[in-house]
1. Considering amide H positions built from the backbone, and no H for Pro or chain starts, which residues 5 or more places from Y306, or on another chain, come under 5 Å of its amide H?
2. Counting only heavy atoms of protein chains, what accessible area per residue, in Å², does the chain have with a probe of 1.4 Å?
3. Over the stretch 687-851, what is the mean sequence separation of C-alpha contacts under 8 Å (at least six apart), divided by residue count, expressed as relative contact order in percent?
4. What residue among F386, L456, G443 has its Cα farthest toward the positive end of the dipole of the stretch 378-467, where the charges are +1 on Lys, Arg and -1 on Asp, Glu, each on the Cβ?
5. Which one, V220, P3, P838, projects farthest toward the positive side of the charge dipole computed for the chain from Cβ point charges (K/R +1, D/E -1)?
6. Under 17 Å between alpha carbons, and skipping anything fewer than 8 positions from K567 in its own chain: which lysines qualify?
7. What does the charge count around T126 come to, taking other residues whose C-beta lies under 11 Å from its C-beta (Lys +1, Arg +1, Asp -1, Glu -1)?
8. So how strong a dipole does the stretch 337-453 carry about its Cα centre when Lys and Arg Cβ are +1 and Asp and Glu Cβ are -1, to the nearest 20 debye?
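The values are calculated or read from the model by the stated rules, or taken from the named source; none is laboratory data. Quick caveat, the model's predicted, so the values are computed rather than measured. Heads up, the Cβs are rebuilt from the backbone with ideal geometry, glycines too, and the neighbour counts pull from every protein chain shown. For the accessible areas, the whole protein counts, side chains as well, though only heavy atoms, and no ligand, DNA or RNA atoms are used. Shrake-Rupley method; radii C 1.70, N 1.55, O 1.52, S 1.80 Å.
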Amino acid sequence: MGPRNSGIDLIGEVPWGTHLCQFYSTESDLLEIILPYINAGLRSNELCMWVASGKEQAASALAALERHVPDFNNRLAAGQIRVVSHEDWYLSGGGFDPERVLKGWAEMHETALRDGFDGMRVTGNTFWVEKKDWKRFSDYERAVQGAIGKLRMIALCTYSLGACGAAEVMDVASSHGHTLIKKEGDWAVIESAERRLALDELRRSERRYRDLVELTSDLVFRMSIRPGGALDLEWITESFEEISGYGPWDISSFESLERIFHPEDAVKLKETLASALSGRRLEAGLRYYTRAQELRWLRLQLIPEYHEGTRIIRGVVCKGNDITAVKEAEQRLLDEMSLSEGLIESLPGTFYVIDDNTKLVRWNGNLETLSGYTSAEIARMHPVDFFPPAQRPLIKEKIAEVFSSESVEVEATLLTKSGELIPFLFRARLFRKDGRPFIVGIGLDIAERNRAEELLRKAGRELESKVEERTVELKQMNSRLRASEERFRTLVETTSDWVWEVDASGVYTYVSPKVMDMLGYRPDEALGRTLFDFMPADEAERVRATFVGIAALKKPFALLENRNCHKDGREVILETNGAPIMNQAGELLGYRGIGRDISRRKFQEREREKMHDQLIQSQKMEAIGALAGGIAHDFNNLMVVIKLNSDLSMKRAGKDGEITPYLEQINAASERAENLTRQLLIFSRKQPTTVAALNLNTKVEKILGILKRLIGENIRIRTELDRDIKQIRADKVNIEQIVMNLVINARDAMPRGGLVTIRTDNVGIAGGESLRAASLEAGAYARLTVEDSGTGMESETIKRIFEPFFTTKGPMGTGLGLAVVHNIVKDLKGWIDVESKPGAGTRFEIYLPAVECAGKAEERRPVNEEPVGKGERVLVVEDEKLLRKSVSVVLAKNGYKVYEASSAREAISIFEREKGFFNLVFSDMVLKDNDGIRLVDHLRAIDPAGPDFKVLVTSGYLDVESQWPAIRARGFNFLQKPYEISDLLSSVRSALDK
């Protein structure tokens, strides 16, 4: 966007990031600048914010804006105008904190852009600043000057001349781009000479600093702190392109710089930067990828940088140099030592390495065995010490000859520690490592050969026979050599790993028989094919790119995991190590290495993770069951007492009574508590269910009253119910729970209010037309839709919403609501569809199998119908005193004669005293001295021929679980806790009329 109209004639248009200040003497001077400044911002679609000194000035500011801003009320309501006092902005945390205020401006700027404004225009009055805070506020003003330069933001700071001395005026002017002050009745713009000189010197200093760092071969870059705390890459030296291949056009931000680091070290970079931003100087070794995707090492030093004259950190300067060569040398040494160890020890003769100081630096065990010297003794010996004194000059000469001619062969006598002389043939070659020369050689015991030659010379007359013997001996030696080679081949072909060689193009030139066990192919089937031919297409592409990169650098590789296809079609995961094969000219001939089948290990790792997840889930479910069992009985008793007494109180208070709103809040809270308990019990499968033919419309209409109390006045519920909706078979409590959970979920997605639509209709499902149809049997379904206008969800969130305990509501959510819905629908052989996008609301569609009207559906009862008694005698048995008294009051007030018993023993006593003359026994299932079923059996056994009475038992979900079959078998009526007055009266009436 282009320049912005400042609204101040003397200044005109200004760019984003402009920082202004005004010195004023009177309130009219203040408003003379601020009002046109804010009006210009409003016309330019900017969010305008005025921070006043104190509540009184904030009220005056609002009044002035109302008088001078067209369409003030609409702009205020739309959030384009915001007026706050300094206590609520600069001192909101209890004191002035510059970093908190700067972060607040950044967050308000993000809010402005998110709400559709082009940017943000602010003005802040400083009359509240006390002398003791002046230095910190001055530092803050300098930080603002740098911070807003990167934002779509314009700031005007206003200072009272009466509160500022000459030093303060100069200080303020030096930290702002433009300063407005009234001279002889007219406004003028001033810019301090100190500020101009400081800016010029800062630019010159910055240029000298940049020129200096560009001269170094090290990498140097600076990162500044964005408003809000994020980092911004200011510049990076050109040397970075030399070591990485990335130019300044590639690395233009901290995010683009972060992406080139190895994922593990990118995290380490962030942690190191965070420590540097706390004021510490640090150093770290990090891996990064060059443009050619070569993984290299960088040593990075980080130095915090402060705003001039302050202790407020403005950024971090980083200096680094490439240490890849050092790291690779260390790794090569380790690899070579590991590879050569086995080969050296398997040689048939002696092996030795001599450095350029003629010191033995490596030897094999055969040298110790043959010479009789220990390893510690050999380490202190000179190479000539292994030979008789007469041969030592020759040995010194041959050692020197190797360093000059690069190879030598000599026969000499090995002098052992015990004094034994053994003739040896020594062969040595010159080997260079990192430019340093070494002699590498072997020694072969030639005693047998020498003895054979001596015999040959002595037996001239038996030359022919001796030659034949010598030929036999040579054949034997060749046989031993072949046997040695065969041992090596046997070792390769019998190892559990697959040994292979490929040329520079990745074509197999040698394959050990182990390939048959791993991939199902014979060695001859693999020869001539590339290693990529045995991989899936995507894996082949990935590994080929890796191989080409490694081959181009002629580097070894290790622990390269790759997926391969077995001949029978199954997947095999290999872990591959390889080393380059080079010729004398240093050209790459190919690679040699091993492959190890780690498929079983990978499978076991996945199984362990799966079992761990299952264990955690099992523990969660066990915890739910324990929780539900622990609270259900006592909690439900308390809920019944609360509900009955609040309902009685509401009836007495009347619809418009003074305490009616409070009673409604009690009812709403108790319904939420009841809902939470029910969810726990349903989810942990502790609730017995009664399946019957149900009408979805009836269930929705019945629960509407509860829903409206739960969701609040700022959310509307609209119902679109199909009058011809087909019946379903389900438990009525479970269906109510589905509707309640979905509507509560919708409420939480609309914190500012909105619309919830509940819709029912009939649908037919044909097989195979969709994923939903594939999971459902073809036929008729009743569909329940709950749709909201809320915030919506990301696709990743949708994937997890039915997981137990998953919630996006923080500590306010239980993570059970949608998991309960999913379990209920699954048990009913139904299906749930979810559609949602961020900002576009959410729609849940639940498909439940429809049934023919084989049974009688639940009848609707008028909302206000509460059947009353006709003087019937009711024995109430309940050991919870508060609950017993509440039930008795309700029944007595509705036409029943009530007798109370606090235990089974007291109930029997009353029953015998009244000679069994009761119309109804209403008993809790769980009593301290008995249970409800056995109590009723005992009462009926007192006088089998006596008056008959009806039975109504009540309990919470968990208490009745084990007794449910007995309740059904005896035909007892059952009332589930917690219940309301209407439920109590209806159940009593129904039991009496049965």
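1. Close amide H contacts, sequence-distant or interchain: R314.
2. So the chain comes to 52 Å² accessible per residue, rounded to a whole number.
3. Working: 317 pairs, mean separation 39.7, N = 165.
Averaging sequence separation for qualifying contacts and normalising by length gives 24 percent for the stretch 687-851.
4. Toward the positive end, the furthest listed residue is F386.
5. Highest projection toward the positive end goes to P838.
6. Within the straight-line cut-off, K567 pairs with K514.
7. In short, -4.
8. Working: 14 positive and 17 negative charges, 48 e Å.
Value, rounded to 20: 240 debye.
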